1. What are the ³J(HN,Hα) values, in whole Hz, obtained from phi via the Karplus relation 6.51 cos²θ - 1.76 cosθ + 1.60 with θ = phi - 60°, for each residue of region 31-38 in sequence order, with x given for Gly and Pro?
2. Please report, to two decimal places, log10 I(q)/I(0) for region 75-208 at q = 0.22 Å⁻¹ as given by the Debye formula with identical point scatterers on the Cα atoms and no solvent.
3. Expected output is a single nm value to one decimal: the length gained when fully extending between residue 233 and residue 128, i.e. 0.36 nm times separation in residues minus the C-alpha distance. What is it?
4. Summing -39500 (n - 2.57) over the DSSP H runs of n ≥ 4 in the chain and dividing by its residue number, what mean residue ellipticity at 222 nm do you reach, to the nearest 500 deg cm²/dmol?
5. Over region 1-105, with the other protein chains present, what is the accessible area per residue in square angstrom, probe 1.4 angstrom?
6. At 7 Å along the Cα-to-beta-carbon direction for both residue 104 and residue 243, put a label point, then send me their distance in nm to one decimal.
7. By the gyration tensor of its Cα atoms, with a ≥ b ≥ c the square roots of the eigenvalues, what is the shape of region 110-160: rounded for a/c under 1.5, prolate for a/b over b/c, or oblate?
8. Of all beta bridges DSSP finds with both residues in region 144-217, what is the antiparallel percent, to the nearest 5?
Amino acid sequence: MNIELKNICKNFGDSIVLQDINYEDDINSIAIIGPSGGGKSTLLRIIGGLLTPSSGEMYIDGKKINFDEKSLVMLRRNIGFVFQSKGLFEHLTAMENVILPLIHTFGINKPDAVQTAGKLFDRFGLSREKDKYPSQLSGGQQQRISIARSVAIKPKLLLLDEPTSALDPEYTGEVLDMLNEFQNDGLDSIIVTHEMGFAKNSCDKIIFLAENTILESGKSSKIFREPKTKQLIRFLDKILEWKV
Ligand SMILES: Nc1ncnc2c1ncn2[C@@H]1O[C@H](COP(=O)(O)OP(=O)(O)OP(=O)(O)O)[C@@H](O)[C@H]1O
């Protein structure tokens, strides 16, 4: 999937959050990194059609997204979203959470939905968890079930907003392993993350967002080896300062 962003700007009242975002590339797997409050989530939400930009244009596979309700509904149908936490309905079991969008949004019959979900539970060692409620699951299991739910709809693009930031370190690895498998399967993804190891080793490309705009972007191998702007050098120094 190809994405083109042309002069995207976003204000909230008087506050400018994104200014002149310009970017064009095949997505494959992109990590958006940058300092807190830099607008990473805002950009991800615009790409996913959850927020409308104040100005600018967006094209997906060459097709202009008009940000009217009809084109946003179409865009969102092809996208799986995973948020930081609290993505699952507490009153539904893991299985019910995964089959709900398949049945209600995509019109798939229940036996087929259960089969699709069951394959994902099997693949990721979650079968014993399928009849449990979110409160009976670890944070890592909950987040893996959120990912299974987003992937079950066979999205063309998976968007993830800091999917591991609410997790204990021991669960972060299992969630990142699962994402890595989907990336290797060829599912296009854009992830906002503070996990630099994952951004560097699992994502093809990096967007460094700071000071309301994209200060650097490119192949992850290159960006981490040869950061160009002083802002990215400072950001990486800071984030890697206390790494063992
Ligand atoms: N709905 C909103 N209304 C007003 N201001 C908002 C809204 N959403 C985000 N902002 C502001 O926009 C700025 C960028 O927020 P955003 O969440 O996109 O940053 P971020 O880079 O994802 O930050 P973090 O890494 O801390 O999650 C912040 O100052 C935030 O307070």
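1. So the Karplus estimates, Gly and Pro as x, are 10, 9, 10, x, x, 4, x, x Hz.
2. Once normalised to I(0) and log-transformed, intensities are -1.46.
3. On the way: separation 105, 0.36 × 105 = 37.80 nm, distance 4.50 nm.
Using 0.36 nm per residue and subtracting the Cα-Cα distance, I get 33.3 nm.
4. Details: 9 runs with 97 residues, N = 244.
So the helix-based figure for the chain works out to -12000 deg cm²/dmol.
5. With all protein chains present, region 1-105 gives 48 Å² per residue.
6. Here the answer is 4.1 nm between the modelled labels.
7. Because a/c hits 1.5 or more and a/b fails to exceed b/c, region 110-160 counts as oblate.
8. Numbers: 4 of 9 bridges.
Beta bridges within region 144-217, antiparallel portion: roughly 45 percent.
The values are calculated or read from the model by the stated rules, or taken from the named source; none is laboratory data. The structure presented is a predicted model; accordingly, all values stated were derived computationally and were not measured. Positions of Cβ are generated from backbone atoms using ideal geometry, with glycine treated the same way; all protein chains shown enter the neighbour counts. The protein model used for the area step is the full one, side chains on, heavy atoms only, and it has no ligands, DNA or RNA in it. Shrake-Rupley method; radii C 1.70, N 1.55, O 1.52, S 1.80 Å.
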